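One structure below.
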């Protein structure tokens with residue numbers, strides 16, 4: 001087939017565009033304002049987030065999370081407008097997360113988005129959460145056509161773009177990688193503040209012992225639930241010391257919570273690196289973009305970098321402000337589709353818990 | 001009233017600051033379907049500045065759950081209107 005020159009379907013805007021994005025598919029409520037300029041550049045005017053943090057040992061339930069969003073949404077939206085120094089009248093469209101995510105929190109945020117849309121007479125744009133992560137990652141890092149590793153508390157996918165679709169190469173067969181980490185943090189009573197994954201990462205730095213765990217990649221897919229069971233089983237091992245300290249000077253053969261965090265991270269990140277490497281080989285790309293909440297884990301980034309260097313590739317990763325769920329990514333993906341003429345009619349603006357990444361028509365890319 | 005005598009009927013009147021706000025609330029809430037359409041029938045309407053909701057439910061439990069969820073939604077819409085309504089009214093014709 002002759003090489004085709006692909007024209008970018010997205011033209012530079014004739015005037016600056018502003019969009020506000022509202023995100024609340026999990027335990028964070030975020031709002032952000034993004035601006036697209038005539039020269040094709042993008043600037044983040046504000047990015048505000050409030051996280052619902054549960055006590056150690058507890059996860060977040062849909063109902064309580066929705067209550068959190070309902071309580072905080074208006075404060076966060078106001079703060080985001082003040083920081084961006086704009087009024088709601090100035091935005092071109094109101095973007096919100098259509099799915100995937102937890103039903104009650106999604107519905108609460110959509111209700112606010114609808115009310116604002118009607119009140120200010122602005123078009124509504126429903127955004128796929130995963131596509132939001134990918135578009136923000138591409139914008140922030142400047143990655144061209146990367147293999148995307150999307151790792152968070154609810155999703156684990158290896159994605160590559162082809163013909164106006166983000167295609168899923170591989171994904172988790174059961175729970176997400178972040179869910180595995182969060183639930184293990186609960187088992188060893190780590191704090192959920194600022195995030196369980198962050199506390200596991202800090203704890204893992206003190207780990208000395210690599211314990212054997214199942215390694216579960218299946219073709220392009222991965223599985224984490226068995227690993228979670230296996231690591232939990234170590235906490236019942238007679239060598240396990242919950243306080244991490246030996247009982248006396250003879251007590252040398254012990255397993256500490258830090259060792260478990262270290263072993264868990266090494267095992268599951270190795271699996272992710274493996275499927276990402278395979279996806280790179282498939283599509284012949286030398287770029288890797290890591291997005292999603294787990295993506296700000298530095299150990300994962302380091303391991304990915306080692307693999308990428310061996311293949312003469314490059315890793316693009318972000319810090320927590322763009323990696324962890326945020327409103328600005330919804331604004332970014334929403335504004336891209338709005339500029340292509342997309343709009344979500346009010347009657348179609350209900351949310352959905354299941355909305356796969358590859359269901360979205362990526363009209364703004366060649 | 002429902003055609004079926006065994007069903008439970010609840011009607012709720014919520015007055016709003018203006019007819020426009022009541023209409024916005026109706027449109028915003030109307031979009032989400034009831035989760036159990038075979039057991040809950042919802043009718044929303046606006047009369048002047050009052051939002052009127054009528055629920056016909058199969059069981060008392062469903063009546064309680066549905067009305068709770070509805071009132072939570074109304075509360076969220078009302079607070080949003082309260083917060084942003086004055087700003088929205090400042091510039092009635094939005095710039096294109």
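The values are calculated or read from the model by the stated rules, or taken from the named source; none is laboratory data. None of the values given here were measured: they were computed from a predicted structure. We place every Cβ from the backbone using ideal geometry, glycine too, and count neighbours over all the protein chains shown.
In the set A:263, A:212, only one residue is under 26 Å from residue A:56 (Cβ atoms) and at pLDDT 95 or above; that residue is A:263.
Of note, residue B:82 does not satisfy the criterion of being over 18 Å from the mean Cα position of the chain (by Cα) and either at pLDDT 95 or above or facing another protein chain (nearest Cβ under 9 Å) (or both).
Whether any residue in region B:63-72 is within 14 Å of the chain's Cα centre (by Cα) and away from every other protein chain (no Cβ under 13 Å) is what I want to check. Yes, that holds for at least one residue.
Looking across A:327, A:292, A:284, one residue alone is at pLDDT 95 or above and on the phi > 0 side of the Ramachandran plot. It is A:292. Between A:288, A:275, the distinction of being assigned to a strand (DSSP E or B) and in the same structural domain as residue A:216 (by TED's automatic domain parsing) belongs to A:288 only.
Any idea how many residues of region A:309-343 are free of Cβ contacts under 8 Å to residues at least 24 places away in the same chain and assigned to a helix (DSSP H, G or I)?
First pass over region A:309-343, keeping only residues free of Cβ contacts under 8 Å to residues at least 24 places away in the same chain: A:309-310, A:319, A:341.
This time we only want the ones that are assigned to a helix (DSSP H, G or I), so: A:309-310.
Matching residues across region A:309-343 total 2.
The conditions of being touching a residue at least 60 places away in the same chain (Cβ under 8 Å) and either outside the structural domain of residue A:270 (by TED's automatic domain parsing) or surrounded by 14 or more Cβ atoms within 10 Å (Cβ to Cβ) (or both) are met by residue A:192.
Checking the conditions here, which among A:283, A:306, A:275 is surrounded by fewer than 17 Cβ atoms within 10 Å (Cβ to Cβ) and touching a strand residue (DSSP E or B) at 6+ places or on another chain (Cβ under 6 Å)? Quick ask: steps written out before the conclusion?
Numbers: A:306 fails: touching a strand residue (DSSP E or B) at 6+ places or on another chain (Cβ under 6 Å); A:275 fails: surrounded by fewer than 17 Cβ atoms within 10 Å (Cβ to Cβ).
Checking each option against the conditions leaves just A:283.
More than 20 Å from residue A:113 (Cβ to Cβ) and exposed (fewer than 13 other Cβ atoms within 10 Å of the Cβ) - does that describe any residue in region A:18-37? No, every residue in region A:18-37 fails to be more than 20 Å from residue A:113 (Cβ to Cβ) and exposed (fewer than 13 other Cβ atoms within 10 Å of the Cβ). Within region A:75-121, if we keep just the residues that are touching a helix residue (DSSP H, G or I) at 6+ places or on another chain (Cβ under 7 Å), over 17 Å from residue A:29 (Cα atoms) and outside any helix (DSSP H, G or I), the residue that is farthest from the other protein chains (Cβ to nearest Cβ) turns out to be A:93. Among the residues of region A:344-361, those that are part of a loop (DSSP other than H, G, I, E, B), within 14 Å of chain B (Cβ to nearest Cβ) and more than 10 Å from residue A:98 (Cβ to Cβ) comprise A:345, A:353.
Number of residues in region A:195-219 that are under 21 Å from the mean Cα position of the chain (by Cα) and either buried (at least 18 other Cβ atoms within 10 Å of the Cβ) or assigned to a loop (DSSP other than H, G, I, E, B) (or both) equals 7. Residues in region A:140-169 that are modelled with pLDDT under 95, more than 19 Å from residue A:313 (Cβ to Cβ) and in contact with a strand residue (DSSP E or B) (Cβ under 6 Å, 6 or more places away or on another chain): 0 in all.
Being under 21 Å from the mean Cα position of the chain (by Cα) and part of a loop (DSSP other than H, G, I, E, B) is the filter; apply it to region A:39-57 and report the residue that is nearest to the other protein chains (Cβ to nearest Cβ). Only one residue fits best here, namely A:52.
Taking region A:56-71 as the range and being at pLDDT 95 or above and over 23 Å from residue A:352 (Cβ atoms) as the test, only A:71 passes.
Criterion first (over 20 Å from residue A:110 (Cα atoms), away from chain A (no Cβ under 12 Å) and in contact with a helix residue (DSSP H, G or I) (Cβ under 8 Å, 6 or more places away or on another chain)) does residue B:60 satisfy it?
Numbers: over 20 Å from residue A:110 (Cα atoms): yes; away from chain A (no Cβ under 12 Å): yes; in contact with a helix residue (DSSP H, G or I) (Cβ under 8 Å, 6 or more places away or on another chain): no.
Judged against the criteria, residue B:60 is not a match.
Out of A:329, A:340, one residue alone is within 18 Å of residue A:134 (Cα to Cα) and more than 20 Å from the chain's Cα centre (by Cα). It is A:340. If you scan region A:70-101, which residues turn out to be buried (at least 22 other Cβ atoms within 10 Å of the Cβ) and free of Cβ contacts under 8 Å to residues at least 40 places away in the same chain? The one that is buried (at least 22 other Cβ atoms within 10 Å of the Cβ) and free of Cβ contacts under 8 Å to residues at least 40 places away in the same chain: A:70.
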